[in-house]
Amino acid sequence: AKGQIFTLYTPREIEGRHFEGWYTDEDLQHIYVTEPLLENLTLSAKYSLIPYSINYSYNTNILPENPNPETSYTIENTILLKDAIKEGYTFLGWYIDNTKIEIIQGMHEDLRLIGRFEAISYRITYRDGQDIIDTTNPTTYAVEKTERLLSVEKDGYDFVKWVDELGNEISSTEGRLG
């Protein structure tokens with residue numbers, strides 16, 4: 001009825017969006033202010049996208065290079081997650097709890113992504129000249145665990161040192177990759 005004041009309801013929630021108010025124009029520029037109605041009125045609901053945060057963490061102590069620059073998103077974004085890089089490790093993927101995530105799409109919550117890595121296991125071959133020798137030394141190593149290389153015995157010889165394929169003296173696997 002003309003001259004009457006109406007109480008407007010809040011419209012239904014839309015996932016990933018926040019209701020901002022009722023507007024009197026299609027461009028959603030003029031907010032409706034409660035006043036007596038003097039003529040027919042069309043109101044439009046205005047919604048804004050809710051920004052959600054993306055936090056990255058890792059299952060290792062040494063932080064890798066993260067190729068994903070995105071730290072926030074909305075329900076309308078599609079983000080293809082890139083693999084993180086860490087020397088000496090294989091990247092297993094991004095996870096939310098125990099679920100592997102490759103694409104952020106249609107989600108509407110703050111995310112804590114965990115990058116999971118697995119240390120690469122490298123093989124060690126021991127040689128005496130051109131011959132492969134059997135030793136009690138470790139046959140594999142990974143960056144997470146330093147292995148000490150023990151001397152070997154050979155009749156008529158004194159053990160001098162272990163050297164890598166480039167001739168560099170080594171006594172352990174510390175700091176070695178591949």
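Lysine pair count for the chain with Cα-Cα distance under 22 Å and sequence separation of 8 or more or different chains is 4. Computed 3J(HN,Hα) for the range 42-56, one whole-Hz value per residue from the Karplus formula 6.51 cos²θ - 1.76 cosθ + 1.60 where θ = phi - 60°, is 10, 10, 10, 7, 10, 10, 10, 6, 8, x, 10, 8, 10, 10, 10, glycine and proline marked x. Between the listed residues G115, G129, T139, the Cα displaced farthest toward the positive end of the dipole of the range 106-178, a dipole computed from Cβ unit charges relative to the Cα centre, is found at G115.
Dipole magnitude for the range 1-46: computed about the Cα centre from +1 point charges on Lys and Arg Cβ and -1 point charges on Asp and Glu Cβ, it is near 180 debye. Ordering S72, V160, L43 by the projection of their Cα atoms onto the charge dipole of the chain, which places +1 on the Cβ of Lys and Arg and -1 on the Cβ of Asp and Glu, puts L43 at the extreme positive end. Here the label points at N61 and F159, each 7 Å from Cα along the C-beta direction, are separated by 2.8 nm in the simple model. Mean projection of the Cα convex hull over all viewing directions, computed for the range 23-178: 15.1 nm².
In terms of packing, defined here as the mean over residues of other Cβ atoms within 10 angstrom, the peptides 126-133, 28-35 line up highest first as 28-35, 126-133. Between amide H atoms placed 1.01 Å from N, distances below 5 Å from I75 occur with I50, all of them 5 or more places distant or on a separate chain. Note that the chain presents 74 Å² accessible area per residue, ligands and nucleic acids not counted, probe 1.4 Å. Database remark: amide H of Y126 closer than 5 angstrom to the amide H of I133 (H placed geometrically; neighbours at sequence offset of 5 or more, or on other chains; Pro and chain starts carry no H). Note that the range 85-101 has calculated 3J(HN,Hα) couplings of 10, 8, 4, x, 9, 9, 7, 8, x, 9, 10, 10, 6, 9, 9, 6, 10 Hz, one per residue in order, obtained from phi through the Karplus relation 6.51 cos²θ - 1.76 cosθ + 1.60 (θ = phi - 60°); glycine and proline are x. Carbon-plus-sulfur accessible fraction, the chain (probe radius 1.4 Å, protein heavy atoms only): 46%.
The values are calculated or read from the model by the stated rules, or taken from the named source; none is laboratory data. Everything quoted here is computed from the prediction, not taken from an experiment. All Cβ positions, even for glycine, are placed from backbone atoms using ideal geometry, and neighbour counts span all protein chains on display. The protein model used for the area step is the full one, side chains on, heavy atoms only, and it has no ligands, DNA or RNA in it. Shrake-Rupley method; radii C 1.70, N 1.55, O 1.52, S 1.80 Å.
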